[in-house]
Amino acid sequence: VNHDTSEYRRSNAAVQAQAIAAYSVGATGSGIVVGIIDSGVAADSAEFAGRISPLSRDYAGTRPLGDDGGHGTAVATVLLGARNGTSVHGIAFDATLLALRTDTPGSCTSGASDGGGCNHADAAMAAALDGAVAAKARVVNISLGGSPANNALRAAIARATAAGTIIVIAAGNDGVKNPNTAVDPDMLAQIATDPIARGLVIIAGATDTGGALADFSNKAGIAAANYMTALGVKVRSTDQNGTALLYSGTSFSTPVIAGAAAL
């Protein structure tokens, strides 16, 4: 199989990660369930056709898997979008998507593709993590940030890592806005340094096309042993409407690393 296709070359996150080295020895994500805790996904997108787990659900309400703001769909496309000859494909393009919707109903404003208009309660995220473990997800992507995990979310993270689940969390985008605090990862991501993480929580920083840390990305700081980087500047993906866009933020370096874990 020739994996060096025009679709692959358009998939700049996969190219920068040198994912073709994994493809060449047969790693595609096939058989691996990947949980994405986010704003849901466009369930009718061709990028996920036939690969959405029936255990996917809304943990913040009773909604279908629609994506009000587009953040979840864009993240999922970077991680496991289909290798179908159109647009771009994800890092682990054959993996099974377990969509774990946790956005508080009404909190995602239309077009909030950077996730800035969405709120995700710790209780919903904790329930989603437990759902991921029950569904035997090997990897969980959390392209979110915020305050430190509360007791319920901490307990869920502990249960997930005890089950061997790898969790990848965004480092945060405070490098320009709050450079003094951005010397360390976002407070939510700092759970990676806690013993309950068992070394299975990875913090995702963002680099530019030259491999330098993006100016907006939080740095490794106190979590250097748990911190990795991937392309997070002008990452090619698609929104919930199928529109091709360029995304920047640690939200988009996170699925590159999660996809590598799936491979």
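The values are calculated or read from the model by the stated rules, or taken from the named source; none is laboratory data. A quick note: this is a predicted structure, and the numbers were derived from the prediction, not measured. Note that we place each Cβ from the backbone using ideal geometry, even for glycine, and neighbour counts take in every protein chain shown. Accessible surface areas use protein heavy atoms only, side chains included; no ligands, DNA or RNA. Shrake-Rupley method; radii C 1.70, N 1.55, O 1.52, S 1.80 Å.
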Tail weight of P(r) past 17 Å, computed on alpha-carbon pairs of the range 127-225, percent: 49
Report Rg (one decimal) and Dmax (nearest whole number) for the range 36-97, counting Cα atoms only, units Å. 11.0, 35
Rg(Cα) of the chain divided by 2.2 N^0.38 Å? 0.90
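About the Cα centre of the chain, what is the dipole size in debye to 20, counting +1 per Lys and Arg Cβ and -1 per Asp and Glu Cβ, all else neutral?
Dipole of the chain, to the nearest 20 debye: 480 debye.
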Unit charges at the beta carbon, dipole of the chain: most positive-side option, ALA42, GLY172, ILE91: ILE91
Of the heavy-atom accessible surface of the range 44-120 (probe 1.4 angstrom), what whole percent is carbon and sulfur? 51
If you project the alpha carbons of the range 173-246 onto the principal axes, what extent comes out on each, in Å, largest first? 41, 26, 21
Projected onto their principal axes, the Cα atoms of the range 155-213 stretch, largest extent first, over whole-Å spans of 36, 24, 13
Averaging the inverse of every distinct alpha carbon separation and then flipping it gives the Kirkwood radius. What is it for the range 53-166, in angstrom units? 14.7
